[in-house]
1. Kindly state which strands (runs of 3 or more DSSP E) lie completely within segment 283-377 and contain at least 2 residues that are surrounded by fewer than 21 Cβ atoms within 10 Å (Cβ to Cβ) and assigned by TED's automatic domain parsing to the domain that holds Ala261.
2. Please note which helices (runs of 4 or more DSSP H) are completely contained in segment 140-241 and include at least 1 residues that are under 22 Å from the mean Cα position of the chain (by Cα) and modelled with pLDDT of 95 or more.
3. Take Tyr62 and decide whether it is modelled with pLDDT of 95 or more and surrounded by 14 or more Cβ atoms within 10 Å (Cβ to Cβ).
4. Considering each of Ala339, Ala384, Ala325 in turn, give the residue that is of a type in the set (Gly, Ala, Ser) and modelled with pLDDT of 95 or more.
Amino acid sequence: MRYARAARRAVIAAAAVAAVLALVYALAWTATGRSGLARSIAWGDADVDDYARFPARTISAYTTPYVYEKADGYPDALPATIALPGGKMLADLLAGSRTTAFLVIKDDKLVYEHYFNGSSHEAVQTSFSVAKSFNSAMLGAAIADGSIASIDDPVTKYIPELLERDPRFADVKIRHLVTMSSGLHYEEYGLPWSDDAQTYYGADLRGLALRRTFVEEKPGQRFHYNNYNPLLFGMILERATGMHVADYLAQKIWKPMGAEADASWSLDSKKNGFEKMESGINARAIDFAKLGSLYLHRGEFNGRRILPAEWVDASTAPVLPTGFASASGYGRWWWTHEAEGLGPYYSARGNKGQFVFVFPRKGLVITRHGRDFGGVDWSGVAEAVARAF
């Protein structure tokens, strides 16, 4: 009898907990339009379809896009001797790894273009942190057109409010933001109230960056991947140019490089929305590839000079920040690499396995998009493809 009463109490307690959790979940859903915490609870882990949940601002394209020439044998004009990890065939690897798009461009010719798992040429792919490499391009453009004086400008030149909380912000420069060495505190624990969750789901990202950032250590000393850095840069860019970030991207990068279609940039909210600077560019795979081509050609593409060559070189030069112990490093919002037989190369990369790889010595751009990583080392796959040329 005693055990039966204990069991009943346990069932009642479990039912009460379940009811409370269901209520919290239901309340969270009603508040997703105004609360980052509610979004984090209701929506859970980030997903490649999140672009359909967030409001967005259009990134306009020209009516006449740049069109890659197709190589002989397109869309399967790859060498037959690609030695992939595990001995798999490329098409089998891609189809079985939750890949949605895989493109290979050699010497500005499209040699391989395939879509998987229900995707297509016209399908929307999302960037996650590939957006940070677009941020890098916009910073180069803003310095070139004089909107921003220098990468060594202090952040407080554009956001003086930060000094009111802590005079140490005066030592944080734009350079520290783009190299992920700002010294700002950042929590990555995956909890709904963590910095990682709030910088992704927040409904007022400007306010979050102004109120929640604090200096933890001297800037420039240590690499620490931190999504407050692109948020602060977005505020700097807005104030320096007087434009929405998506509009500036359209004017300086998206249209000049000949994007095929309008894209969008997810916003934190509908009213006075701010671009999700750490992620949230949503576009066709072919247009993500054009960012790689722009950088492959050191800022000159589609018949025009879009970025200074020295900016591209400095952003993608092999760098091994403090704390790195491998052949991978970090430039100015680009990952940098070194591989035997390929030399230095670099990549834009995002959560769930979004990649733009650039192999300068091979004249090669490779893009991969997917619903998740699919258990695959995509750097290894890209290197295997590059070695076959």
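1. The strands (runs of 3 or more DSSP E) meeting that bar are 335-339, 343-350.
2. Answer list for segment 140-241: 174-178, 195-201, 205-212, 228-241.
3. For Tyr62, the condition - modelled with pLDDT of 95 or more and surrounded by 14 or more Cβ atoms within 10 Å (Cβ to Cβ) - is not met.
4. Ala384
The values are calculated or read from the model by the stated rules, or taken from the named source; none is laboratory data. Just so it is clear, the structure is predicted and the values come from calculations on it, not from any experiment. Every residue, glycine as well, gets a Cβ built from its backbone with ideal geometry; the counts of neighbours run over all protein chains shown.
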